[in-house]
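Accompanying notes for the structure given below.
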Amino acid sequence: MVMCLKLQRNLILIKQVAAKLKPNSNFGYSTNGGSISTSTVSTSKPLVLMLPWLGATKSAASKYIKLYEEVGCQVLVKHSYYKDFLWPATGLNNSRRFLLDVKKKMETDNQPIIIHSMSIGCYFYALMLIHLQREPDIFRTILDNIKVQVVDSPVVGTLEEMAIGVSTTSTKNRTISRLIKSSIMSYFALSRPFTVKIYTEAIDAMKLRPCVVPSLILSSTDDPMALPESVKDFIRSWENVGVDVTSKVWTDSGHVQHLRNHPVLYKDMLYEVLGKSLGRNLTLRAKL
């Protein structure tokens, strides 16, 4: 009983922190403050599905959006929330709704799609993959048109690493971060029958059954949310099923800090991978 009361108090704290991290309402999917933003739609442009880290601001996301707009891509941004992670059934529902909306926004059945996921956005992408694999007929136009995958600062490894990822990106206060992590681990223990099964399915969908397209994986040995051996195992898993992987593991870059710390190399590697699927003209036009 004492443990349950303590967990309840800690979850209230998590919700309070989460409320402060919600994306700006005018950076939203709909005019009433949803969670997706989009640049100007053009059927001739590749469509980027950008899945940023928890609490990413409009200013932070805009730096990544600019990389794609410079080469003529259209960008759709989908933010993740605490509830997508803490109650994965909600994340599954939200990811399916997002995929259905992407289908509506595709004005042609062969519009190239690029996935750019970061931190917890990689987890949201894994939830999307569950639906793509469960319902291939419904989402055929999306599944067949994914041409490139970018995975930046994936939270890979154990549930504890996932908890560290959420707690660390939630606040810069170490005491609160440790409290959030402890609460999440307690929550995992109590809710295991309802949560861990979906987490495991999401990890398997991402790690063992990825889209076999040119892919870029970016991480760092300084990242506490991605153990180096776990990242290497993740890369090997993709290569073993035939994914053309370009990867970079820095030794001097933190979680989702690679673009800020290594902007030239980040851009060059991204455009190189885009060029593999979308044609060399795309890459060359970016560098002119």
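The values are calculated or read from the model by the stated rules, or taken from the named source; none is laboratory data. All of these numbers come straight from a predicted model, not from anything done at the bench. Every residue, glycine among them, receives a Cβ derived from its backbone with ideal geometry; neighbour counts consider all protein chains shown.
Here are a few things to note about the model shown:
- Candidate set: segment 143-156, residues that are outside any strand (DSSP E or B) and surrounded by 24 or more Cβ atoms within 10 Å (Cβ to Cβ); chosen: the one modelled with the lowest pLDDT: V156
- Scanning segment 188-203 turns up at least one residue that is farther than 22 Å from S167 by Cβ and in contact (Cβ under 8 Å) with a residue 24 or more places away in the chain.
- Helices (runs of 4 or more DSSP H) within segment 71-140 that include 2 or more residues free of Cβ contacts under 8 Å to residues at least 24 places away in the same chain: 88-105
- When each of G275, G254, G279 is tested for being touching a residue at least 24 places away in the same chain (Cβ under 8 Å), among the small types (G, A, S) and more than 23 Å from Q133 (Cβ to Cβ), the lone residue that passes is G254.
- In segment 189-237, the qualifying residues are those that are of a type in the set (K, R) and farther than 25 Å from K147 by Cα, and the one that is nearest to the chain's Cα centre (by Cα) is K197.
- The requirement of being within 18 Å of the chain's Cα centre (by Cα) and either buried (at least 23 other Cβ atoms within 10 Å of the Cβ) or modelled with pLDDT of 90 or more (or both) is satisfied by L49.
- Which numbered condition T175 misses (of (1) free of Cβ contacts under 8 Å to residues at least 60 places away in the same chain; (2) in a helix (DSSP H, G or I); (3) buried (at least 17 other Cβ atoms within 10 Å of the Cβ); (4) of a type in the set (S, T, Y)): (3)
- All positions within segment 53-81 that are in contact with a Ser or Thr (Cβ under 9 Å, 6 or more places away or on another chain) and farther than 18 Å from S153 by Cα: K58, Y68, E69, V71, G72, C73, Q74, V75, L76
- Inclusion of I120 among residues that are modelled with pLDDT of 95 or more and crowded, with 22+ Cβ neighbours inside 10 Å is not warranted.
- Scan of segment 228-242 for residues that are buried (at least 18 other Cβ atoms within 10 Å of the Cβ) and aliphatic (A, V, I, L, M), ordered by number: V231, I235
- Checking segment 237-259 against the condition returns a match, with at least one residue being in a helix (DSSP H, G or I) and either modelled with pLDDT under 95 or in contact with a Phe, Trp or Tyr (Cβ under 9 Å, 6 or more places away or on another chain) (or both).
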